[in-house]
Amino acid sequence: MLGLVGCKTRVDARTAPIILNAAPATAPVLGELEAPTEIWAYNGQTPGPVLRVPRGGELAVRLENGLAQDTSIHWHGVRIDNAMDGVVGMTQDPVTPGTGFDYRFACPDAGTFWYHSHNRSWEQVARGLYGVLIVEEPEPPAVDREVTLVLDDWRLDEAGAIHEASFGALRDWAHAGRIGNWVTVNGKPPGDFPIRAGERIRLRVLNAATARIFAIAVEGHAAQVAALDGFAVAPYAPAESVLLGPGQRVDFVLDATGEPGGRYALLDDAYDDPRPIGFFAYSDEAPLRERFDAAPTLGETRKPAAPDLSDPLRSDMIVAGGAMGGLGQAMLDGEMKGMRELAQAGRVWAVNGVAGDLDKPLLSARLGRTVAVRMVNDTRWPHAMHLHGHHFTVLSVDGTPDPAAGSVWRDTHLMMPGEEAEIAFVADNPGKWFFHCHMLGHQAGGMRTWIEVG
Ligand SMILES: [Cu+2]
């Protein structure tokens, strides 16, 4: 008996894994009053459960695959051990139906991160396989409450079901991606977020859509940006709505300066005039406070190594192709192929003239080397370029130095058509790291490469 107790204690001393079961489920995508929609989910819900871990803590997750397809989980934005990065075919074998995989890794940086499928992600994420990962600061900022909003965009048919026939449609992949026709916040159609006057809220916002860009602002409020892609910045009230490409996050400090009983829209104006994607609905209670101190900083969320720009390893990453892109040919399976053959193979984008082949890395850097990548968007479409395992700083956009260079660190950069951006980072995490567009149909269609570190 004693031995058994001792054994149990030792087991408990290591974090017991959180089970994430990926399987078909139903969810109130159309709203609580409508028939539920068939989706794919972690533990029966989309978004999946919010995972929380203290900075420096270890996360242990057992992925169980209850799908009829292979799957895996990528931990987006985490400077993770390469073997845990979740990229099928690069860092791990696929998790086949009926089997599982144990993820166990340290979370070195605080901030708002997320997790999602990284196999057939253009389908699996679009069907609902994602969730938020929060790594807590050692001394969290003084706020009354946290609210997490996960934005998504679904393509539904007339019956309200996920439009399955268009999964993998090359026409979408070659344009803006699988843009949907139904926006949800936390898996439901835009509704009310209860709020009390005088509250100070930390608002974590994630764009989990596979293609749609959001640009958000809170009507009548000076919400202050406190973190981008999880990385703390000195709080500021942006002059315009905050652009969020697929995969990107923003943390706001939202001071509830509205009137009791009032309703204020969360607005999105990424493509059109501002339209509400939810409402902050004030209670009638008297304000919690009349005056607000300056917004708190989130403290030190990460410690990115300072890049040595005196002699960086330089690389070009020229993305081309897509509709109206004029891509004549590209390498596929080691051979130069014309656009028709590329399209037949489902490849419509290229990185440095290679249409998605992964036999060679974009670059190989020794551990600790500063890398500067000139990213050129030679297409007619925006792209959300995501680097795994590292955080980079944007040095310049279209030749203009970025004033935030060296002080803002991101894992995803939203590139506009024709844009040329230079980014830099210290290659300080050994392994093979995927580098791709987070418009996930673009990635599948060839807009992907990888870097090798160490
Ligand atoms: Cu893209």
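The values are calculated or read from the model by the stated rules, or taken from the named source; none is laboratory data. This structure is a prediction, so every number in the text was calculated from the model and none was measured. Glycine gets a Cβ as well: all are built from the backbone with ideal geometry, and neighbour counts include every protein chain shown. We work out accessible area using only protein heavy atoms, side chains counted, and drop any ligands, DNA or RNA first. Shrake-Rupley method; radii C 1.70, N 1.55, O 1.52, S 1.80 Å.
Summary table
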{"quantity": "Phi-based couplings in Hz for segment 320-326 (Karplus 6.51, -1.76, 1.60; Gly and Pro marked x)", "calculated": "9, x, x, 4, 6, x, x"}
{"quantity": "Overall Cα dimensions of the chain, principal axis frame, Å, largest first", "calculated": "69, 68, 56"}
{"quantity": "Computed accessible area, GLU452, all protein chains, 1.4 angstrom probe, square angstrom", "calculated": "60 Å²"}
{"quantity": "Rounded, prolate or oblate (a/c below 1.5 giving rounded, otherwise prolate when a/b exceeds b/c) for segment 313-453 by Cα gyration tensor", "calculated": "oblate"}
{"quantity": "Gyration tensor verdict on segment 204-276 (Cα atoms; rounded if a/c is under 1.5, prolate if a/b is larger than b/c, oblate otherwise)", "calculated": "oblate"}
{"quantity": "Sites SER310 and LEU358, calculated FRET efficiency, Cβ-Cβ separation with R0 25 Å, nearest 0.05", "calculated": "0.20"}
{"quantity": "Relative contact order (%) - criterion: Cα under 8 Å, at least six apart; region: the chain", "calculated": "14 percent"}
{"quantity": "Backbone N under 12 Å from the MET324 label point (7 Å along Cα→Cβ), restricted to segment 367-392", "calculated": "379-382"}
{"quantity": "Accessible area (Å², 1.4 Å probe, nearest 10) - LYS303", "calculated": "140 Å²"}
{"quantity": "Qualifying GluC sites (Glu not before Pro) for segment 89-186 [loop in DSSP, other Cβ within 10 Å: at most 14]", "calculated": "GLU158, GLU164"}
{"quantity": "Solvent-accessible area, 1.4 Å probe, carbon plus sulfur percent, for the chain", "calculated": "52 percent"}
{"quantity": "Listed residues ASN186, GLY100, PHE292: farthest to the positive end of the dipole of the chain (Cβ charges)", "calculated": "GLY100"}
{"quantity": "Vicinal HN-Hα couplings computed from phi for segment 54-65 (Karplus, 6.51 cos²θ - 1.76 cosθ + 1.60; Hz; Gly/Pro x)", "calculated": "x, 4, x, x, 9, 10, 10, 10, 9, 7, 10, 9"}
{"quantity": "Exposure of ASP255 as accessible area (Å², to 10), given a probe of 1.4 Å and all protein chains", "calculated": "20 Å²"}
{"quantity": "Residues of segment 1-159: accessible area per residue with a 1.4 Å probe, Å²", "calculated": "43 Å²"}
{"quantity": "Solvent-accessible ranking of THR370, THR148, largest area first, probe 1.4 Å", "calculated": "THR148, THR370"}
{"quantity": "Full-stretch length increase - ARG62, ASP102 - with 0.36 nm per residue and alpha-carbon distance subtracted", "calculated": "13.9 nm"}
{"quantity": "Over segment 2-136: Kirkwood hydrodynamic radius from C-alpha pairwise inverse distances, Å", "calculated": "15.6 Å"}
{"quantity": "Förster radius 30 Å - calculated FRET efficiency between ARG52 and ALA405 (Cβ-Cβ, nearest 0.05)", "calculated": "0.45"}
{"quantity": "Rounded to the nearest 20 debye, dipole of the chain from Cβ charges on Lys, Arg, Asp, Glu", "calculated": "940 debye"}
{"quantity": "For PHE193, distant residues with modelled amide H under 5 Å away", "calculated": "PHE279, PHE280, ALA281"}
{"quantity": "Full-extension gain in nm, MET416 to GLN45, via 0.36 nm per residue minus C-alpha separation", "calculated": "130.2 nm"}
{"quantity": "Calculated FRET value between LEU288 and GLU158, using beta carbons and R₀ = 60 Å, to 0.05", "calculated": "0.85"}
{"quantity": "Modelled label reach - ARG145, point 7 Å along Cα→Cβ, segment 36-74 residues with backbone N closer than 19 Å", "calculated": "50"}
{"quantity": "Under-5 Å amide H pairs with ALA223, H placed in peptide plane, nonlocal only", "calculated": "VAL218"}
{"quantity": "Bins of 10 Å from zero: percent of alpha-carbon pairs in segment 126-170", "calculated": "18, 35, 21, 16, 11"}
{"quantity": "Semi-axes of the equivalent ellipsoid for segment 145-282, Cα gyration tensor, largest first, Å", "calculated": "29, 17, 12"}
{"quantity": "Descending Cα extents along the principal axes, segment 80-196, whole Å", "calculated": "48, 44, 29"}
{"quantity": "Share antiparallel - DSSP beta bridges, segment 313-453, percent rounded to 5", "calculated": "75 percent"}
{"quantity": "Table column - 3J(HN,Hα) (Hz), segment 184-197, Karplus curve with 6.51, -1.76, 1.60, x for Gly and Pro", "calculated": "10, 10, 6, x, 10, x, x, x, 9, 10, x, 8, 10, 4"}
{"quantity": "Helix-only CD estimate at 222 nm, as mean residue ellipticity for the chain, using -39500 (n - 2.57) per DSSP H run (n ≥ 4)", "calculated": "-1500 deg cm²/dmol"}
